[in-house]
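So the structure is just underneath, and the comments pick up after that.
The values are calculated or read from the model by the stated rules, or taken from the named source; none is laboratory data. Everything numeric here is computed off the predicted structure, so don't read it as measured data. Note: ideal-geometry Cβ built from the backbone for every residue, glycine included; neighbour counts use all protein chains shown. To get the accessible areas, we keep the full protein, side chains included, count just its heavy atoms, and leave off ligands, DNA and RNA. Shrake-Rupley method; radii C 1.70, N 1.55, O 1.52, S 1.80 Å.
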Amino acid sequence: MSEARYQRILLKLSGEVLAGRGSFGIDPERVKALSEEVSEVARAGVQIGLVVGGGNFFRGVAAAAQHMDRVTADHMGMLATVINALALQDALEKQGMPTRVMTAIEMNEVAEPYIRRRAIRHLEKGRIVVFAAGTSNPYFSTDTAATLRGLEIHAEVVAKATRVDGVYDKDPLQNTDAVRFPEIAYSEVLARNLRVMDASAVAMCRDNRLPIVVFDLTVYGNIMRMAMGEPIGTLIH
């Protein structure tokens, strides 16, 4: 196997990915397949930090959350990411990969508190680190949390895994004439309001020259292809 292009990546997953074909909760088979793929990349020598959303749980209470205080609703979403992180940890360790969950909200009986230097040390020792509970602050998305953690651990790329194969000029799920960009500048993503990631996350990457790769997670092997530097998806730089 050729040497990976990226030695340390921050992989951003949506919570919906863990739901598989369902719209809610965790699909054990989907989590198992994902953990196998991530483990294969880690065994190739790539250091992996993971940020996962909580949409597979929080979407189920979204209607009720509309009438809640925004801060309370955001805290609920953060806790949902912890549930997903623990599910990923369990599945990854069943693949023989040492994994640590680090949370921005302290819950010592469940996971380690997020400490930047400790996270980097885990990565250096070959452990996968799953970052949970966002940034611990309301009004920030998991996209922004992923960018922040990527910058803090000195990741070489933020890899956003989605259901589509890159960034398009309009929603490809609703427009058959949508055009995919093989590469695109941060400024153009922001100017066109393409919504592939939160604007704050894209701006943070731009200001710190951290590239973003947006790719299709539904194709098995794409995480490895991305890590090896194959031209899949869209490169934002």
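Looking at the square roots a ≥ b ≥ c of the eigenvalues of the Cα gyration tensor of the chain, which shape do they give, rounded for a/c under 1.5, prolate if a/b is larger than b/c, or oblate? Rounded is the answer for the chain, as its axis ratio a/c remains below 1.5. Under 16 Å from the 7 Å Cα→Cβ point of residue 193, by amide nitrogen: which residues of the stretch 199-224? Correct set: 199-200. Taking a Cβ cut-off of under 12 Å around residue 118, the surrounding Lys, Arg, Asp and Glu residues balance to a net charge of +3, with basic ones at +1 and acidic ones at -1. A cut-off under 13 angstrom between Cβ atoms defines the neighbours of residue 161, and their net charge, with Lys, Arg +1 and Asp, Glu -1, is 0. Looking at the chain, the accessible area is 48 square angstrom per residue; that uses a 1.4 Å probe and ignores ligands, DNA and RNA.
Using a probe of 1.4 Å on the protein chains alone, the accessible area found for residue 43 is around 140 Å². A helix-only calculation puts the chain at -11500 deg cm²/dmol for mean residue ellipticity at 222 nm, using -39500 (n - 2.57) for each DSSP H run of at least four residues, averaged over all residues.
Surface calculation, 1.4 Å probe, protein heavy atoms: residue 154 sits at approximately 110 Å² accessible.
By a 1.4 Å probe calculation restricted to protein chains, residue 181 has an accessible surface near 30 Å², given to the nearest 10. Summarising the label geometry, the points placed 7 Å from Cα in the beta-carbon direction at residue 124 and residue 106 lie 2.5 nm from one another. As a length-normalised measure over Cα pairs under 8 Å and 6 or more apart, the relative contact order of the chain settles at 23 percent. Taking amide hydrogens as placed 1.01 Å from N in the peptide plane, the amide H of residue 167 sits under 5 Å from those of 181, 234, each at least 5 positions away in sequence or on another chain. Between residue 44 and residue 175, residue separation times 0.36 nm minus the direct Cα-Cα distance comes to 43.4 nm.
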